[in-house]
Amino acid sequence: MELQLALDLVDIPGAKQVVAEVAEYIDIVEIGTPVVINEGLRAVKEIKEAFPSLRVLADLKIMDAGGYEVMKASEAGADIITVLGVSDDSTIKGAVEEARKQNKKIMVDMINVKDIEGRAKEIDALGVDYICVHSGYDHQAEGKNSFEELMAIKRVVQRAKTAIAGGIKLSTLPEVIKANPDLVIVGGGITGHQDKKAAASEMMKMVKQAAAV
Ligand SMILES: O=C(CO)[C@H](O)[C@H](O)COP(=O)(O)O
């Protein structure tokens, strides 16, 4: 099991500052969609250059032109790029094909997918690397989480790694860990903490303990 830090509400200098604080307690750093919208793929490039030993995920939430978008994110230094599960199979196939050429990985974000199990089966067969259940900010505001969706994809996904994102905090991490995802993605649960380093360190400890069992 691995831990990914999601950075959404920062600019590039702010992102560098947070990563410098918690780098030893995370496996992957995510450059969130709002950061890419505000700063462009330069944010991915600068974080990869500043922290070359960390894997960098570009949360582009690709919906079309999968091959082209993956090519551009790869050029910027992304190791993992996100594509939406609601997009057409051809978009996901294009993204996977380009990722293979570039030696990168594709994560499919299942945000707003209605038939989670059915779509996860189809997406798994397309050869993606990760399938991620996700309660976005708007769903979180309605009190939703993705714990049941994680269990649903765990039942059907055979080859991709599974991931979960959306509002995970120290207090809810044990429940998430129980469902045994391959990757836990945490944004505000670390960045909103007064002591980010302590929060990341505690989460990493729990994730690695679970992975060792
Ligand atoms: O992709 C995102 C929002 O669309 C976030 O990065 C993801 O939800 C993780 O952040 P948080 O833990 O704060 O919910």
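The values are calculated or read from the model by the stated rules, or taken from the named source; none is laboratory data. Everything numeric in this text was worked out from a predicted model, so none of it was measured. A quick note on method: Cβ atoms are made from the backbone with ideal geometry, for glycine too, and the neighbour counts reach across all protein chains shown.
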> Which ones in the range 39-53 are more than 22 Å from Val108 (Cβ to Cβ) and either assigned to a loop (DSSP other than H, G, I, E, B) or modelled with pLDDT under 95 (or both)?
Replying inline: Gly40, Phe51, Pro52, Ser53
> Within the group Ile116, Ile111, Ile81, which residue is in contact with a helix residue (DSSP H, G or I) (Cβ under 6 Å, 6 or more places away or on another chain), of a type outside the set (Lys, Arg) and within 16 Å of the ligand (Cβ to nearest atom)?
Replying inline: Ile81
>> From the list Lys144, Lys208, Lys121, Lys154, exactly one residue is among the basic types (Lys, Arg), away from the ligand (no atom under 11 Å from the Cβ) and in a loop (DSSP other than H, G, I, E, B). Which is it?
In response: Lys144
>> Suppose the filter is in contact (Cβ under 8 Å) with a residue 40 or more places away in the chain, buried (at least 19 other Cβ atoms within 10 Å of the Cβ) and within 16 Å of the ligand (Cβ to nearest atom); does Val176 pass it?
In response: no
>> Considering only residues that are outside any helix (DSSP H, G or I), within 15 Å of the chain's Cα centre (by Cα) and within 15 Å of the ligand (Cβ to nearest atom), which ones fall in the range 179-205?
In response: Pro181, Leu183, Val184, Ile185, Val186, Gly187
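Please work out which residue is farthest from the chain's Cα centre (by Cα), limiting yourself to the range 142-156 and to residues that are among the hydrophobic types (A, V, I, L, M, F, W, C) and surrounded by fewer than 20 Cβ atoms within 10 Å (Cβ to Cβ).
Here the residue is Val156.
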> Taking the range 13-38, which residues are surrounded by fewer than 17 Cβ atoms within 10 Å (Cβ to Cβ), assigned to a helix (DSSP H, G or I) and within 16 Å of the ligand (Cβ to nearest atom)?
Replying inline: Gly14, Pro34, Ile37, Asn38
> For residues in the range 124-141 being of a type in the set (A, V, I, L, M, F, W, C) and surrounded by fewer than 24 Cβ atoms within 10 Å (Cβ to Cβ), which is nearest to the ligand (Cβ to nearest atom)?
Replying inline: Ala141
